[in-house]
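Undergrad: Please read through the structure below; I'll follow up with questions.
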Amino acid sequence: MKLDSKIPSGPVEDAWNSHKFNLRLVNPANKRKHRVIVVGSGLAGASAAASLGELGYDVDCFCFQDSPRRAHSIAAQGGINAAKNYQNDGDSVYRLFYDTVKGGDFRAREANVYRLAQVSVNIIDQCVAQGVPFAREYGGVLANRSFGGAQVSRTFYARGQTGQQLLLGAYAALNRQIDTGKVTMHTRTEMLDLVVVDGHARGIITRDLITGEISRHAADAVCLATGGYGNVFFLSTNAKGSNVTASFRCYKRGAGFANPCFTQIHPTCIPVSGHYQSKLTLMSESLRNDGRVWVPRDPKDVEKTPKDIPEAERYYYLEERYPSFGNLVPRDVASRAAKKVCDDGLGVGHVVDGQRNAVYLDFSDAIKRDGREVIADRYGNLFDMYERISGDSPYETPMKIFPAVHYTMGGLWVDYNLMSNLPGLHVLGEANFSDHGANRLGASALMQGLADGYFVLPYTIGNYLATAHQGPVDTSHPAFDAAEAEVRAKSQKLLSVGGATPVDQFHRELGKIMWEYCGMSRTEEGLKKALELIPALRARFWSDVAVPGGDEELNPWFEKAGRVADFLEFAEIMVHDALERAESCGGHFRAEYQTGEGEALRRDDDFAHAAVWGFEGEGQAPALHKEPLAFDNVKLTTRSYK
Amino acid sequence: MKIKLNVWRQDGPTDQGRFEHHHVDCTEDMSFLEMFDTLNERLISAGESPVAFDHDCREGICGMCSMVIDGLPHGPQKGTTTCQLHMRQFADGDEITVEPFRARAFKVLKDLVVDRSPLDRVQQAGGYISVSTGAPPDANALPIGKATADEAFDYAACIGCGACVAACPNASAMLFSSAKVAHLALLPQGRVERTTRVTRMVQAMEHEGFGGCTNHGECEASCPKEISVDAIAMLNREVMAANLSPR
């Protein structure tokens, strides 16, 4: 596998501008002759499809939901970062770049991150022009808040529904292109394979989720914006439909998968209430701006109601351990701290699987200080959501929260042009690996999705199309025959098992293995155990899964079975990656590598690289390739939030 | 708690459909959809056909879940989607009837799954501001008063679930369409295209087979985001202004 990152030479500040100038352009009259496939309609996919349509390309966009507006970007609550420095508090492109590289624990590519910080300012302008109703001050200017470990206020937001409003902006731009006929939208359509011709990505195989019809689509380039793989844990904050299938199919066709073990556990989610739990709900991190996190100091107090525990008996563990950042430490630090106090027997809430896994997030001081109305204005919708789910009102009693899988920093490997090692296959948003390193900062996912779709891919894809020199390919090419035959064979295999166990039970079991051995804290021993458990579970799946109905009808259980089958293979690559990375960094915490104070111990001499896994054939262990990471601008230091 | 469920089953758009009856054991901390998951896992294990329903985020924001529960789209709890409805809203021994969103424009695809693509096509008929990706003016170059921005947000909060259509005796999409019209008409960026936008969106609604509005207000009562019918008044004013404006 050849990994040429194509990072422009010269100072990082000038890299993107000079690179843009050096990119080849496609003549305006020729753009319509190029067909581009975009898979996914979230922030990255919708913004890319719309922008490519505006440029004149012939675009086909696919999503598995019934409307492009449903993509899971819609659920992002807190906000979007941009280095506007509207607040005059010392922010700059360089500071956002610095914070992101450091927050990612030095496992991201500097040049990509710098570009992300640069275009962040354009995103806000673009979204306002589209009519996105960001929060504003009385004078009519945009409001900002500080978010998730940042010491400047650079986060733009729209109540607790920033993702929704940004996605509806991109959806509107996409609708405009559908209206003009430049984008053809395929809803309730799932990508099941990538078609590679002469080493270039030239099309996809899809299944119509209403009729079950399998179709072939040929194009000059394929863009994947299919999100993350957090649902490998079964319980996560992802939507139920979010899956790894499209990325995993590309991996099997030769695309490298980078840093799969880098998963983010979000510290503020509603705890599990029972075995039937189908998903976890995130409570925006912005709540930590005003909420104080605590547990009882004495394990005997964990069953008491919080108001019966006096101030002196409360352990504000984040404020005590990290006096300068307090409750606003980055996500990975906050999550591990919550796990530690619960493992120490100080957790509160329901006992599930023998342990109380919840901590308090308390707003009583904020309500006393600012008044109930101000707090309701900031978090009203979140408080209401919490009350609907848990039955408790956060105005009256502290929230109970616990970390949950939320985001995956790993993804398909891409170069500076967002192209994978398979020419023509571009990967955007959460589906790629490049910008967040080992840990993503709050309010940076929306920024990256829109940066990739609006302001990076539309430039870089032109260079590919202008220089690829590939002849026309239509869907009668033998590569399409072969890919379609494989898709059909897998369908038949799933339907012919005829077992008795529902798909969800296998998925739940896989999730338990991953959470236990490849979750918040990982050990060599546990990971090796997972490498035994996963193949055994996979074997049981293929001998005992029950898939009701057939493949030529609307059949959600058949869809799910295919996705879980892929998760069962993909999980193993994640575990290999976690085992190989013998260090702790960001969201990847290996218990063997920690400081005396229990903080993550990075090993830069051996692991300052992206670990890229390549498919070596069915039944073979994946092969590891490395892209070394250079830090010329941000000095490698130990993250400290003390 | 034990629930008796009367659930609508329909094999496809041309099937006549029927109610099926099930008993489900659940707990009050379960969500309504987790109660359905429990039922479906049991049906699958028994070799029976599970009930198809739409869902995705399960956080009340994607708009994918639907279901008419005891005659009410998204069920009895105000301002709450089906996925956020929890069993503690019901009592042990309750009998609950669940049907798909019914409307002329929404074809039933299977069981509780309906085709809501007509809503997308209404949005495609001008429910946007015509600005291409590029270099628009600085975001703070155009101040917008907080009250206006907040009101625009209230309308922009629509999740496109279609409950308003399912609740309306005329199966009208007026609240859905007017929410977008109002969101964009309130903002200076959206005013340039306001007359063509409202005209085209109203035509698209009629073309898709949605009914007219006769002021029942069921839409507002069923809206999980509690969008006000004031939006409809605003749409009507926009239509009138469009008709009076020179073309």
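The values are calculated or read from the model by the stated rules, or taken from the named source; none is laboratory data. None of these values were measured; they are calculated from a predicted model. Here Cβ is always computed from backbone atoms with ideal geometry, including for glycine, and neighbour counts include all displayed protein chains. Surface accessibility is based on the protein's heavy atoms, side chains included, excluding ligands, DNA and RNA. Shrake-Rupley method; radii C 1.70, N 1.55, O 1.52, S 1.80 Å.
Undergrad: Which one of these is free of Cβ contacts under 8 Å to residues at least 12 places away in the same chain and small (Gly, Ala, Ser): A:Gly437, A:Gly429, A:Gly453, A:Gly354? Show your work before the answer.
TA: Details: A:Gly437 fails: free of Cβ contacts under 8 Å to residues at least 12 places away in the same chain; A:Gly429 fails: free of Cβ contacts under 8 Å to residues at least 12 places away in the same chain; A:Gly453 fails: free of Cβ contacts under 8 Å to residues at least 12 places away in the same chain.
Going through A:Gly437, A:Gly429, A:Gly453, A:Gly354 in turn, the sole match is A:Gly354.
Undergrad: Is there a residue in segment A:580-595 that is more than 21 Å from the chain's Cα centre (by Cα) and either under 25 Å from A:Phe506 (Cα atoms) or small (Gly, Ala, Ser) (or both)?
TA: yes
Undergrad: Mind telling me which of the residues A:Ala578, A:Ala611, A:Ala571, A:Ala600 ends up being surrounded by 13 or more Cβ atoms within 10 Å (Cβ to Cβ) and modelled with pLDDT under 95?
TA: Result: A:Ala600 is the single residue among A:Ala578, A:Ala611, A:Ala571, A:Ala600 that is surrounded by 13 or more Cβ atoms within 10 Å (Cβ to Cβ) and modelled with pLDDT under 95.
Undergrad: Let me ask something else. Where in segment A:296-411 are the helices (runs of 4 or more DSSP H), entirely inside, with at least 3 residues that are more than 30 Å from A:His576 (Cβ to Cβ) and aliphatic (A, V, I, L, M)?
TA: Output list reads A:372-390.
Undergrad: Do we find a residue being surrounded by fewer than 24 Cβ atoms within 10 Å (Cβ to Cβ), in the same structural domain as A:Gly45 (by TED's automatic domain parsing) and under 23 Å from A:Val244 (Cα atoms) anywhere in segment A:406-415?
TA: Within segment A:406-415 (the criterion being surrounded by fewer than 24 Cβ atoms within 10 Å (Cβ to Cβ), in the same structural domain as A:Gly45 (by TED's automatic domain parsing) and under 23 Å from A:Val244 (Cα atoms)), the answer is yes, since at least one residue qualifies.
Undergrad: Would you mention how many residues in segment A:53-96 are hydrophobic (A, V, I, L, M, F, W, C), away from chain B (no Cβ under 13 Å), more than 30 Å from A:Thr206 (Cβ to Cβ) and surrounded by 24 or more Cβ atoms within 10 Å (Cβ to Cβ)?
TA: Going through segment A:53-96 one residue at a time, the tally reaches 1.
Undergrad: Further question: Return only the number of the condition from (1) under 28 Å from A:Ser73 (Cβ atoms); (2) modelled with pLDDT under 95 that B:Asp29 does not satisfy.
TA: Result: B:Asp29 passes all but (1).
Undergrad: How many residues does segment A:239-280 hold that are assigned to a strand (DSSP E or B) and over 19 Å from A:Met419 (Cα atoms)? Steps first, please.
TA: Initial filter on segment A:239-280 (assigned to a strand (DSSP E or B)): A:257-258, A:263-269.
Then drop every residue that is not over 19 Å from A:Met419 (Cα atoms), which leaves A:263-269.
The number of residues fulfilling the criteria is 7.
Undergrad: So which of A:Arg159, A:Arg216, A:Arg176 ends up being among the charged types (D, E, K, R), away from chain B (no Cβ under 11 Å) and touching a residue at least 40 places away in the same chain (Cβ under 8 Å)?
TA: Only one candidate qualifies: A:Arg216.
Undergrad: Something else about it: Name the single residue that is nearest to the other protein chains (Cβ to nearest Cβ) among those in segment B:3-16 being surrounded by fewer than 14 Cβ atoms within 10 Å (Cβ to Cβ) and in contact with a strand residue (DSSP E or B) (Cβ under 6 Å, 6 or more places away or on another chain).
TA: Among those that are surrounded by fewer than 14 Cβ atoms within 10 Å (Cβ to Cβ) and in contact with a strand residue (DSSP E or B) (Cβ under 6 Å, 6 or more places away or on another chain), it is B:Pro13.
Undergrad: Hey, could you check segment B:38-53 for residues that are at the interface with chain A (Cβ under 7 Å from one of its Cβ atoms) and open to solvent by less than 10 Å² (accessible area, probe 1.4 Å) and say which is farthest from B:Lys110 (Cα to Cα)?
TA: Checked segment B:38-53; the qualifying residue farthest from B:Lys110 (Cα to Cα) is B:Pro50.
Undergrad: For segment B:115-149, enumerate the residues that are closer than 23 Å to A:Ala75 by Cα and either in contact with a Pro (Cβ under 6 Å, 6 or more places away or on another chain) or modelled with pLDDT under 95 (or both).
TA: B:Ala149, the sole residue that qualifies.
Undergrad: Scan segment B:167-175 and tell me whether some residue there is at the interface with chain A (Cβ under 9 Å from one of its Cβ atoms) and either farther than 30 Å from A:Ala83 by Cα or open to solvent by less than 30 Å² (accessible area, probe 1.4 Å) (or both). Walk me through it before giving the result.
TA: Step one: of segment B:167-175, the residues at the interface with chain A (Cβ under 9 Å from one of its Cβ atoms) are none.
For segment B:167-175, residues at the interface with chain A (Cβ under 9 Å from one of its Cβ atoms) and either farther than 30 Å from A:Ala83 by Cα or open to solvent by less than 30 Å² (accessible area, probe 1.4 Å) (or both): absent.
Undergrad: Filtering segment A:614-630 down to residues that are of a type in the set (A, V, I, L, M, F, W, C) and farther than 19 Å from A:Gly104 by Cβ, which residue is surrounded by the most Cβ atoms within 10 Å (Cβ to Cβ)?
TA: The selected residue is A:Phe615.
Undergrad: Here is a follow-up. Looking at A:Ala561, A:Ala482, A:Ala500, A:Ala536, which one is surrounded by 15 or more Cβ atoms within 10 Å (Cβ to Cβ) and of a type in the set (A, V, I, L, M)?
TA: A:Ala561
Undergrad: Of all residues in segment B:190-207, which are surrounded by fewer than 20 Cβ atoms within 10 Å (Cβ to Cβ) and either not β-branched (Val, Ile, Thr) or not assigned by TED's automatic domain parsing to the domain that holds B:Asp120 (or both)?
TA: Correct list: B:Arg191, B:Glu193, B:Arg194, B:Arg200, B:Gln203, B:Glu206, B:His207.
Undergrad: Same structure again: Tally up the residues in segment B:54-80 that are touching a Pro at 6+ places or on another chain (Cβ under 8 Å) and within 21 Å of B:Val24 (Cα to Cα), please.
TA: 6
Undergrad: Count, please, the residues in segment A:112-131 that happen to be of a type in the set (A, V, I, L, M) and either surrounded by fewer than 24 Cβ atoms within 10 Å (Cβ to Cβ) or facing chain B (nearest Cβ under 8 Å) (or both). First the steps, then the outcome.
TA: Here is the first cut: in segment A:112-131, the ones of a type in the set (A, V, I, L, M) are A:113, A:116-117, A:119, A:121, A:123-124, A:128-129.
Next, only the ones that are either surrounded by fewer than 24 Cβ atoms within 10 Å (Cβ to Cβ) or facing chain B (nearest Cβ under 8 Å) (or both) stay: A:119, A:121, A:124, A:128-129.
Residues in segment A:112-131 being of a type in the set (A, V, I, L, M) and either surrounded by fewer than 24 Cβ atoms within 10 Å (Cβ to Cβ) or facing chain B (nearest Cβ under 8 Å) (or both): 5 in total.
Undergrad: Does B:Asp15 count as farther than 18 Å from A:Tyr276 by Cβ and either touching a Cys at 6+ places or on another chain (Cβ under 6 Å) or assigned to a strand (DSSP E or B) (or both)?
TA: So B:Asp15 does not fit the description; no.
Undergrad: Identify all residues within segment B:1-35 that are among the β-branched types (Val, Ile, Thr) and within 29 Å of A:Thr281 (Cβ to Cβ); write none if there are none.
TA: Initial filter on segment B:1-35 (among the β-branched types (Val, Ile, Thr)): B:3, B:7, B:14, B:24, B:27.
Once the filter is applied, which keeps residues that are among the β-branched types (Val, Ile, Thr) and within 29 Å of A:Thr281 (Cβ to Cβ), segment B:1-35 yields B:Ile3, B:Val7, B:Val24, B:Thr27.
Undergrad: What residue, among those in segment A:132-154 that are more than 30 Å from A:Ser335 (Cα to Cα) and part of a loop (DSSP other than H, G, I, E, B), is farthest from the other protein chains (Cβ to nearest Cβ)?
TA: A:Val132
Undergrad: Which of the strands (runs of 3 or more DSSP E) contained wholly in segment B:56-156 include at least 2 residues that are touching a Gly at 6+ places or on another chain (Cβ under 8 Å) and within 12 Å of chain A (Cβ to nearest Cβ)?
TA: Where strands (runs of 3 or more DSSP E) fall fully within segment B:56-156 and carry at least 2 residues being touching a Gly at 6+ places or on another chain (Cβ under 8 Å) and within 12 Å of chain A (Cβ to nearest Cβ), they are B:107-110.
Undergrad: Identify, by number, the condition in (1) surrounded by 21 or more Cβ atoms within 10 Å (Cβ to Cβ); (2) in contact (Cβ under 8 Å) with a residue 12 or more places away in the chain; (3) assigned by TED's automatic domain parsing to the domain that holds B:Gly211 that B:Ser130 doesn't meet.
TA: In the conditions (1) surrounded by 21 or more Cβ atoms within 10 Å (Cβ to Cβ); (2) in contact (Cβ under 8 Å) with a residue 12 or more places away in the chain; (3) assigned by TED's automatic domain parsing to the domain that holds B:Gly211, B:Ser130 misses (1) alone.
Undergrad: So B:Val24 clears everything in (1) out of contact with any Gly (no Cβ under 6 Å at 6 or more places or on another chain); (2) without any contact (Cβ under 8 Å) to a residue 60 or more places away in the chain; (3) of a type in the set (A, V, I, L, M); (4) facing chain A (nearest Cβ under 9 Å) except one condition, right? Which one?
TA: Failing condition for B:Val24: (4).
Undergrad: Based on what the data block shows, is A:Ala111 in contact with a Cys (Cβ under 9 Å, 6 or more places away or on another chain), touching a residue at least 24 places away in the same chain (Cβ under 8 Å) and assigned to a helix (DSSP H, G or I)?
TA: No: the conditions fail for A:Ala111.
Undergrad: Pick from segment B:176-189 the residues that are aliphatic (A, V, I, L, M) and open to solvent by less than 10 Å² (accessible area, probe 1.4 Å): which of them is farthest from B:Ala233 (Cα to Cα)? Break it down into steps so the answer makes sense when it comes.
TA: The first filter runs over segment B:176-189 and keeps only residues aliphatic (A, V, I, L, M), leaving B:179, B:181-182, B:184-187.
Restricting the remaining residues to those that are open to solvent by less than 10 Å² (accessible area, probe 1.4 Å) gives B:179, B:181-182, B:184-185, B:187.
Details: B:Ala179: 10, B:Val181: 11, B:Ala182: 9, B:Leu184: 15, B:Ala185: 12, B:Leu187: 17 Å.
Out of the qualifying residues, it is B:Leu187.
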